[in-house]
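> For reference, the structure I am asking about is given below.
The values are calculated or read from the model by the stated rules, or taken from the named source; none is laboratory data. What you see is a predicted model, and the numbers here were worked out from it, not measured in a lab. Cβ: placed from backbone, ideal geometry, glycine included. Neighbour counts: every protein chain shown. Accessible surface areas use protein heavy atoms only, side chains included; no ligands, DNA or RNA. Shrake-Rupley method; radii C 1.70, N 1.55, O 1.52, S 1.80 Å.
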Amino acid sequence: MMINKRQFLKSALVAGMAATQLPLAASAGSGYLKTNKKKWKHWVWINPNMNDKEDDLVTLYASYHEAGIRGIFFEADSEKHFRAAKKNKIEAHRWMWTMNRGEKELIASHPEWYSVNRNGDSCADRPPYVDYYRWLCPSREEVLQYLENDVRSILGKEYVDGIHLDYVRYCDVILPVRLWDNYGIEQNKELPDYDFCYCEVCREAFKKQKGLDPMAIVHPDQSLSWRRFRYNNITRIVNRLSAVAHEYKKPITAAVFPTPEVAKRIVRQDWTNWNLDAVCPMIYHGFYKEDVSWIGDAVAEGVRGIGGRFPMYAGLYLGDFKSTEEIKTGIELALQNGAAGVSVFGKLDPPILEILKSLA
Ligand SMILES: [Zn+2]
């Protein structure tokens, strides 16, 4: 997931708001993803531990199913994990890092595929913020084909039920405010070090469309066309990967930034307009120094933007919450505001499973 989620700990917050009625969530999509019309459908993000024993997994995932978990996004391929989930009637999807690709062979063989910032530095040898930030250039057809092949090889496996795109975006031109201290940067404006992609191919493609070299734009952060160009770049990639997934008659979903507005502004994701079967916005309130009530606001904004074209599962970061009670409030707010369920990042301890069960 985003760097923040992995590496930094939360600030904590105050809750509020009791939930009462839970309206039925909107759900549509292409039909490749089952939705649960009567009850919530919940998900969890898991990085499979290869030392896990299959019997233990089957028992563990039985407790997940009992709590309403109906899908797992696995960050790596592990047949025993996928099969243990499926034995419990839980869909097993592969969670894939999309544009952020640090494969050593790829960096060595195609350094030119990597994004270049406004200073001319490439992610191939000068990654921004952290060493694993190795963003590919989204304008290049070869990059697209590389990603399509990756999705094909994942979905060609019979035990993989779907594909889940993560890091399907540009590098954060602005980090979530909670992280500014970690890096000692004040990002009140779009700084050239973190502004991508100004490689030859991107510059040429934009020039062809607008007759203008993006390097010549005096205030690139204010250029609506240059922004639109970058939204479209990511949208094109998602839609091409979506077509591949649907060739396999399998659903495609994505983990995205928390609201349509934030996602476009800081990572150029125009996710309400993607051809997805479901979306999981990472509504991690702590990273934006927001309180729990903001989860409801964020869900409502996203659901309005999607307009019923596909369901939303609200991504919650357990580390952001101060107490079990707060987690309950966060989940209730997500469901009240139109989410079809939640997607949980963090350890599903028994008290969390109890909350999900109590809301079923
Ligand atoms: Zn480029």
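> Could you please give the count of residues in the range 170-212 that are charged (D, E, K, R) and within 14 Å of the ligand (Cβ to nearest atom)?
Applying the first criterion (charged (D, E, K, R)) to the range 170-212 yields 172, 178, 181, 186, 189-190, 193, 195, 200, 203-204, 207-208, 210.
Among the residues that remain, those that are also within 14 Å of the ligand (Cβ to nearest atom) are: 195, 200, 203-204, 207-208.
The qualifying residues number 6.
> While we're on this one: Give, as residue ranges, the helices (runs of 4 or more DSSP H) completely inside the range 93-186 that count at least 3 residues that are open to solvent by 50 Å² or more (accessible area, probe 1.4 Å) and farther than 16 Å from Ile266 by Cβ. Reasoning before the result, please.
Working: elements: 104-109, 141-155, 180-183.
Because the criterion is at least 3 residues that are open to solvent by 50 Å² or more (accessible area, probe 1.4 Å) and farther than 16 Å from Ile266 by Cβ, the helices (runs of 4 or more DSSP H) in the range 93-186 that meet it are 104-109, 141-155.
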